[in-house]
Amino acid sequence: MGDQPVPVLIEPVKVKLGNQLFVGLFDKLLQFCRKYLSERLFAGSVGFLMTWGNWALVLASLMGLIIAVVYGIRLDSFVLVIWGVGWVMVLLVLQYSAAKFFSAGEIVIQSSASRLSSQAFVDLLALVCLILGLASLSWGVWGYIKVADKNGFWSGLTGFFLCEYLACIALNIQMLNISITPQATAGEEAIGMLTFVMKGILKLTPIAFGSGLIIHTLNFLLSTRRALQDGESLFEFLDQGQYSVYFIMTSASLPFVVFVLFVMYYLFVDLARAILALPGKLDALALRRGDAGVQDHADSTTR
C-alpha cells in the first residue's frame, strides 16, 4: 500500500475591517433592543391584538350593516340592506377561520424545526426592520402634517408596528423553532434562511391581523360617523371608506391565506431537504454494501 495523503487543516481566514465603529454600535443597538423586544413582549402583544382585533372585526361588521341600512332607507334600496347582511356574514366567517388557523399555524411552526449556521442573517434582518419601521412611521407622520393624508398616516403606523415586531422575531428566533448550529451545511443554510422568512410571516400574522383591524376599523368608524352626521351621499362615503373596507377584508383574510401559502411552501422545503440528504444516504448504503462484500469474502476464504 502506498502512502496515504495527509489532510491539511486550513485555519479560517479572519477578515479585519478598516473601521468597525458602526459595526460595534449596531451590535450594541441590537443587544439593547433584544432586552425590550423580547419573546414575552411578543406573546403579550399577540394576546392583546388578537382580543381587540376580534372586537374590532365585530364592530366593523356592525358599522357596515348600519351604514347599509341607513343608505338603503335613504335611497329606498333593499339591495343595500342585503349587501350589509352579506358583509356581516363574510366578516364573521373570516373571524372563525382566523381563530382556527392561528392555532394550526403555531402547531406547524413547533413541528417544523430548522437551523442556521450563524446569527448574521437574522441580525442584519433585525437591523433593517428597525430602520424601516422608523422610516414608515416618519413617512406617515410627515404626510399627515404636510398634506393631512390620514390614509397615509394609518399605513405608516401599521408599517411601523409590523417592522418592529418582525425585528422582535429576528432577535428571538427560538420562537420559530430555529436553532443556530455551526455545523449546518450551505444547503441547510439556504433552506434555513427561506424557512425563517416564511415562519416569520406566519408568526407575524396575528400581529398584522390585530393591528390592521384595529387601525382600519377606527378609520372606518370615523368615515361612518362623518357620513351619518354630515349626510354624505353614498358615493362620497364609498370614496372615503373604500380604503378602510379593503384593508379590513385583507387583514381578516390573512390567517387563512398565509397558512395555506406556508404549507404549500413547506412541501418544496421537504423536497429540497430530501434531495440534500440523498448523497449521504447513498454513501451510507454503499458503505454497508462494501462491508457486506468484505464479510462475504472473508467467510468464503474461511470455508
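Data table
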item	result
Global form of region 61-157, assessed from the alpha-carbon gyration tensor, a/c cut-off 1.5	oblate
Cα-based Kirkwood hydrodynamic radius, region 24-277, one decimal, Å	20.0
Inter-site label distance for Glu106 and Ser179 at 7 Å from Cα along Cβ, in nm	2.3
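Readers should treat all values here as calculations from the given coordinates under stated rules, not as data from a laboratory. Keep in mind that what you see is a predicted model, and the values were worked out from it rather than measured. Note: ideal-geometry Cβ built from the backbone for every residue, glycine included; neighbour counts use all protein chains shown.
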